[in-house]
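Here's the structure we're looking at; comments come further down.
The values are calculated or read from the model by the stated rules, or taken from the named source; none is laboratory data. Keep in mind the model is a prediction, meaning the values are calculated, not measured. Positions of Cβ are generated from backbone atoms using ideal geometry, with glycine treated the same way; all protein chains shown enter the neighbour counts. Each accessible area value is taken on the protein alone, full model and side chains, heavy atoms only, with ligands, DNA and RNA left out. Shrake-Rupley method; radii C 1.70, N 1.55, O 1.52, S 1.80 Å.
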2 protein chains.
Amino acid sequence: MPTILVTNDDGVHAGGIKALADAVRPLGDVLVVAPHQESSAIGHALTLRRPLRLEQFGPDTYAVDGTPTDCVNIAVAVLLKGRLPDLVVSGINTGWNLGDDITYSGTVSGALEAALLGAPAIAVSLMRTRDWTFDFGPSAKVAQDVAAHVLRKGLPERVFLNVNVPRGLPKGIRLTVQGKRNHVTTIAERQDPRGQTYYWIEEGQDHWHEHDRSDFVACREGYVSITPLQPDMTAHATGPAWLSDLATD
Amino acid sequence: MPTILVTNDDGVHAGGIKALADAVRPLGDVLVVAPHQESSAIGHALTLRRPLRLEQFGPDTYAVDGTPTDCVNIAVAVLLKGRLPDLVVSGINTGWNLGDDITYSGTVSGALEAALLGAPAIAVSLMRTRDWTFDFGPSAKVAQDVAAHVLRKGLPERVFLNVNVPRGLPKGIRLTVQGKRNHVTTIAERQDPRGQTYYWIEEGQDHWHEHDRSDFVACREGYVSITPLQPDMTAHATGPAWLSDLATD
């Protein structure tokens, strides 16, 4: 039986990770290692300034007081004694991780860390709802199908998958590219009871650059979006000519 | 005069940010907004679960109790009242940010956030020394030259620069690509005074995939490495064929 590591950024007690673990349990031996607490927008953070604790919550379920990236490392190095899992799945996140926003995402970073360590990985996110109630059913089914596919076919080296699922029953699955958006961050200014100012980062009113094949368009049109990602951020199209009068070698 | 925003992940009181601010001061109006505390390996984290405080430390120097990503957003939205700076420089980090490790880097994430907001940006990192003493002189000169170049020529849309400087006097400047490494995370297990186990994430013994044009090779050979980066992580080479029996649209 393949070993399947399950993590997330919403925390070990979130409904999404339970649905995801249940969905992949028929496919292999499941190990759940997730943050104690919600750590959304934590990005690809590694905890180096303080030590980490590992707590067991069930026969195959553990929590780490750190980030999804910490969880993947603790799972591999401590619980699996250095052996890589056959698959890492991260999610199901309550809220899409689309376009440039994936660079903030703890859910996606869990999968990225697995890819850097050399394990096939999938991040799964579900559209946010207004009242924060979620039906994980359709997204869990998608996660199961994609996980089975990856276990059967593997993934190209260092490639991992970012899967986003619309609300309700998806119309189908689309292979997509990471979308772009114009970022505008809104900051709310408030006063504390002592008259001192503090600031909340809000989610801005952003404009998406439309692109037929983008993850955003697929989800908006009711399709599951699967974007193959990899860790190389080099702007390969920016050639030496642009910097030619600066480079000296 | 152009407006130049200076940030880092080593904190507002670090020697590297002072050297960087001094280096770019002849080029424009400098605004320093950096984390209160060191926040290395914080990745591209955005603080959404608690509010942020902004504290002034000098005529053009401010600290935020958050991440480099938070700093860039607070600087633009609050201090610059929504106006984008003409350039954002992040650093000088004490320790290289090379290859896949840039995905963990707070220094690089400060520049990434600026690029997402639409401002030209440069991250600058200097080789770590054994005794943690640093001569920022040569790297500050490099930062000044690259900053002047970007202010003069601009940068392609969404492209930002990752600059790494070797110790001592660089032999020259090379344009590079993001290197790959085999990640192996080492975890040290210890017992607290109450006999409970805790774990430290250590820097692993990693092997670099050699690549003549990689950032790692350039730095190792004594050259300044400049890698043009962009936020798209799509694995464009992974075509639809690979997932064809899964996709339905």
Closest approach to the B-A rotation axis by any Cβ of B: residue and distance in angstrom?
B:43, 2
I need the inter-copy label distances for residue A:154: point set 7 Å along Cα to C-beta, values in nm with one decimal, smallest first.
4.5
Please report the relative contact order for the stretch A:9-104, taking Cα pairs under 8 Å with a sequence separation of at least 6, and give it as a percent rounded to a whole number.
34
Counting only C-alpha contacts under 8 Å and six or more residues apart, can you give the relative contact order of chain B as a whole percent?
17
Between the chain alone and the structure with every protein chain in place, find the residues of the stretch B:166-182 that drop at least 50 Å² of accessible area; heavy atoms, 1.4 Å probe.
B:173, B:175, B:178
If you take all C-alpha pairs in chain B, what percent of them are over 25 Å apart?
45
Computed about the Cα centre, the charge dipole of chain A from +1 Lys/Arg and -1 Asp/Glu charges at the Cβ has a magnitude in debye, to the nearest 20, of 520
Cβ charges +1 (Lys, Arg) and -1 (Asp, Glu), total dipole of the protein assembly as shown, debye
40
Along each of its three principal axes, how wide is the spread of alpha-carbon positions in the protein assembly as shown, in whole angstrom units, largest first?
63, 52, 44
Listed residues A:192, A:135, A:145, A:101 arranged by accessible area, highest first, probe 1.4 Å
A:135, A:145, A:101, A:192
At the level of C-alpha centres, the distance separating the stretch B:10-88 and the stretch A:50-64, in angstrom, is 35
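Given a 1.4 Å probe and every protein chain left where it sits, what share in percent of the accessible area of the protein assembly as shown is carbon and sulfur? Don't skip to the answer; put the middle values down first.
On the way: 10140 of 20060 Å².
Result for the protein assembly as shown: 51 percent of the exposed heavy-atom area is carbon or sulfur.
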Around residue B:45, which amide H atoms from residues at least 5 apart in sequence, or from another chain, sit under 5 Å from its own amide H, with H modelled in the peptide plane?
B:69
Quick one: how many lysine pairs in the protein assembly as shown have C-alpha atoms under 19 angstrom apart, if they're 8 or more apart or on different chains?
6
Please report, in cubic angstrom per residue, the volume enclosed by the convex hull of the alpha-carbon atoms of the stretch B:1-86.
91
Simple spin-label estimate for residue B:191/residue B:13, 7 Å along Cα→Cβ, in nm, reads 3.6
In Å² (nearest 100), what accessible area is buried between B and A, both sides summed, heavy protein atoms only, 1.4 Å probe?
7700
What residues have an amide H closer than 5 Å to that of residue B:62, excluding those fewer than 5 places away on the same chain, when H is modeled at 1.01 Å from N in the peptide plane?
B:32, B:33, B:34, B:57
When you look at the Cβ of every residue in A:219-232, what mean number of other chain Cβ atoms sits within 10 Å?
4
Using a 7 Å offset from the Cα along the Cα-to-Cβ direction at both residue A:203 and residue B:202, what is the distance between the two label points in nm, to one decimal?
4.2
Computed ³J(HN,Hα) along the stretch B:53-62: with the Karplus parameters 6.51/-1.76/1.60, θ = phi - 60°, integer Hz and x for glycine or proline, the list is 10, 10, 10, 8, 10, x, x, 10, 10, 10
Could you work out the relative contact order of the stretch A:111-197, using alpha carbon pairs under 8 angstrom and six or more residues apart, expressed as a whole percent?
36
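How large is the accessible surface per residue of the protein assembly as shown, computed with a 1.4 Å probe and reported in Å² as a whole number?
Details: 20060 Å² over 498 residues.
On a per-residue basis, 40 Å².
For the stretch B:113-235, how big is Rg over Rh, using alpha carbon atoms and the Kirkwood form of Rh? Walk me through the numbers before you get to the answer.
Details: Rg = 18.1 Å, Rh = 16.8 Å.
Rg divided by Rh gives 1.08.
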Label points for residue B:200 built 7 Å along Cα→Cβ; distances to same position in the other copies, nm, shortest first, come to 4.0
Which value, in Å² rounded to 10, gives the accessible area of residue A:236 with a 1.4 Å probe and all protein chains present?
120
Counting only DSSP beta bridges with both partners in the protein assembly as shown, the antiparallel fraction in percent, to the nearest 5, comes to 45
